[in-house]
Amino acid sequence: MYAFKINGGRTLSGQVQVKGAKNAILPLMAAALLTDEPITLHNISYLSDVLTLSDLLTSMGASVVQDADSITIQCSQITCTTASYDYVSKMRATFWVLGPLLGRFHQAKVSLPGGCAIGARPVDLYIKALEKMGATIEIDNGYVVAKGPLHAAEISFPKISVGATHNTIMAAVLTPGITVIHNPALEPEAVDLIRLLQKMGADIQGVGTRTLTITGVSKLHGTDYAVISDRIETATFAVATALTRGRVMIKGGDISLMQSVAETLYPSQIELTQTQDGLLVDATHANLVATPITTSEYPGFPTDSQPLLTTMLSVAKGDSLVTERIYENRFMHVPELNRMGANIQIIDNKNILIHGVSELSGATVTSSDLRGGIGLVLAGLVAKGESIVQRVYHIDRGYHRVEEKLTALGADIVRFKQEKKG
Ligand code: EPZ
């Protein structure tokens, strides 16, 4: 297993490139199942999650061609409509093939994802929406076995879910009649999926509102599409810059996708300037101060940025209350941060109170999920002395060679192979 060794205290400066959002690339790749013509996605980063979904699509008979910056997927010869546990247990977004398979082929067998480190993450909303559209669904040996054909329906989500929104939209675009979805997710990645589907010939009205109206079409066609930039990766480099009092141009960064995060940086006198190239972050005069955070659905503060800001606020002046409203177990990085000298009180599984300290100190810590893991890397960048962040495979799911990007900005971080203990 690989780990990062970080010597903290270096100021970051220069420029770094942010690519397409992981959480947009994945549903966009699944959408390629809706047509027999090629879909080419640009601005791709070859994260391990992207490779996992590529493998699944290939196992179903899709042709997947990877270029340096783009991926072309053609689903003209799908021979298998099953997504096995091997794939879904690695990454729950592989579950999202359910909707497009059912919409186009009227059948799918997809392993249930089960819970994961950050929470239970059920799929009841996906299932209820598909049943409302006429699917017969059985749970057999841990698999969702779904059969169509589907019909149009009016669906109201009692709770906002990004994945259930993606899945239902993909199920509806080829389904005859008018499907109405109330209370869909408005996350930029969900809007990006709709934009791709519209380019493929789908008829979807109400984009960016809480009611989507989808008129099924008989066929979708191939297209080229540039994936939106990764707002969480942008926030990661912004926080790294803030922590180290640096000045970094995040090329491809787009502040319009992360206003709620920007609002938590402004009180600490971190200057953010949007240019044509990207987002310039200037923290040379920063004075980190306590700021309360409550995560919520877009346009609220994103849960995926919570661990980043938790690290930043752990060295800010004063006490910050952080409330996590999306997941029931997203503070796993906190005990590790405390081992690095942070003073964070876990009130309950939804609330922590951060008492800012003047500095962190290096320690060996372990990532238990993607965003918590990168939060620990950020802590290592500013901690005094050496830190080891273990289990970086979690981080590789969402960041492509992050250590190389940080090194180019002046950080002292290396990846190394850890010997097996015991
Ligand atoms: C997406 O997950 C993202 N993943 C997550 O990012 C992100 O944290 C999440 O949206 C929220 O923004 C990808 O895009 C690949 P949800 P998703 O369905 O779609 C509950 C990262 O680090 N729920 O919006 O799985 C669920 O348990 C990842 O990049 C139900 O109760 O999230 C959660 O509490 C982590 N029933 C809440 O809704 C359902 O049927 C939001 O989950 C579905 C969800």
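The values are calculated or read from the model by the stated rules, or taken from the named source; none is laboratory data. All values reported here derive from a predicted model rather than from experimental measurement. So basically every Cβ, Gly included, is an ideal-geometry build from the backbone, and we count neighbours across all protein chains shown. The protein model used for the area step is the full one, side chains on, heavy atoms only, and it has no ligands, DNA or RNA in it. Shrake-Rupley method; radii C 1.70, N 1.55, O 1.52, S 1.80 Å.
Let a ≥ b ≥ c be the square roots of the eigenvalues of the Cα gyration tensor of segment 380-422; is it rounded (a/c under 1.5), or, if not, prolate (a/b larger than b/c) or oblate? Oblate is the answer for segment 380-422, as a/c is 1.5 or above yet b/c matches or exceeds a/b. Shape of segment 150-240 from its Cα gyration tensor (a ≥ b ≥ c, root eigenvalues): rounded if a/c is under 1.5, otherwise prolate when a/b > b/c, or oblate? Oblate. Maximal additional length on extending the A120-Q77 stretch stands at 12.0 nm, based on 0.36 nm per residue less the C-alpha distance.
I need the calculated FRET efficiency for the pair H221 and D55, taking r as the beta carbon distance and R₀ as 22 Å, to the nearest 0.05.
Numbers: r = 25 Å, r/R0 = 1.16.
Taking R0 as 22 Å, the efficiency between H221 and D55 is 0.30.
Would you mind calculating the gained length between I139 and E271 on full extension (0.36 nm times residue separation, minus the Cα-Cα distance), in nm to one decimal?
Result: 42.4 nm gained on full extension.
Nonpolar atom fraction for the chain, defined as the carbon and sulfur part of the 1.4 Å probe accessible area, stands at 49 percent. Taking every DSSP beta bridge with both residues inside segment 265-336, roughly what % is antiparallel (nearest 5)? Here the antiparallel bridges make up roughly 50 percent for segment 265-336.
Could you report segment 22-226's accessible area per residue, 1.4 Å probe, as an integer in Å²? Each step should come with its number before you reach the end.
Values: 7530 Å² over 205 residues.
Ligands and nucleic acids excluded, the figure is 37 Å² per residue.
Is the C-alpha gyration tensor of the chain telling us rounded, prolate or oblate? Criteria: a/c under 1.5 is rounded; beyond that, a/b larger than b/c is prolate, otherwise oblate. Prolate.
Counting pairs of Cα atoms in segment 5-49, how many percent are more than 13 Å apart?
Numbers: 667 of 990 pairs.
Cα-Cα pairs in segment 5-49 separated by more than 13 Å: 67 percent.
Computed on the Cα trace of segment 76-131, the radius of gyration divided by the Kirkwood hydrodynamic radius gives Rg/Rh = 0.98.
Would you rank C75, C116 by solvent-accessible area, highest first, keeping every protein chain in place and using a 1.4 Å probe? Working shown, then result.
Details: C75 0, C116 55 Å².
Sorted by accessible area, descending: C116, C75.
With only Lys, Arg, Asp and Glu charged, each at its Cβ (+1 for the first two, -1 for the last two), find how big the charge dipole of the chain is about the Cα centre; round to the nearest 20 debye. List each step's numbers first, then the result.
Numbers: 36 positive and 39 negative charges, 112 e Å.
It comes to approximately 540 debye.
Spin-label model, N349/R415: points 7 Å from Cα along the beta carbon direction are separated by 3.3 nm.
When DSSP beta bridges are limited to those with both residues in the chain, what percentage is antiparallel, rounded to the nearest 5? Spell out each step's value before the answer.
Working: 58 of 80 bridges.
Rounded to the nearest five, the antiparallel share is 70 percent.
What do the square roots of 5 times the Cα gyration tensor eigenvalues come to for segment 1-145, in whole Å, largest first, as semi-axes of the equivalent ellipsoid? Walk me through the numbers before you get to the answer.
Working: eigenvalues 191, 85, 34 Å².
They are 31, 21, 13 Å, listed largest first.
With both partners inside segment 22-226, how many of the DSSP beta bridges are antiparallel, as a percent to the nearest 5? If we restrict to bridges inside segment 22-226, about 75 percent are antiparallel. When the Karplus curve 6.51 cos²θ - 1.76 cosθ + 1.60 is applied with θ = phi - 60°, which whole-Hz ³J(HN,Hα) does each residue of segment 70-86 get, with x for Gly and Pro? In residue order, the calculated couplings are 9, 9, 10, 10, 10, 10, 8, 10, 6, 10, 9, 10, 10, 10, 7, 4, 3 Hz. Over 32 Å between Cα atoms: which of K128/K405; K159/K384; K317/K417; K22/K219; K251/K417; K147/K350 fall into that group? Distance filter (> 32 Å) returns K128/K405; K159/K384; K317/K417; K147/K350.
With a Förster radius of 22 Å applied to the beta-carbon distance between E37 and T211, the computed FRET efficiency rounds to 0.15. Placing a label point 7 Å from the Cα of E263 along the Cα-to-Cβ direction, the residues of segment 313-332 with a backbone N closer than 17 Å are 321-326.
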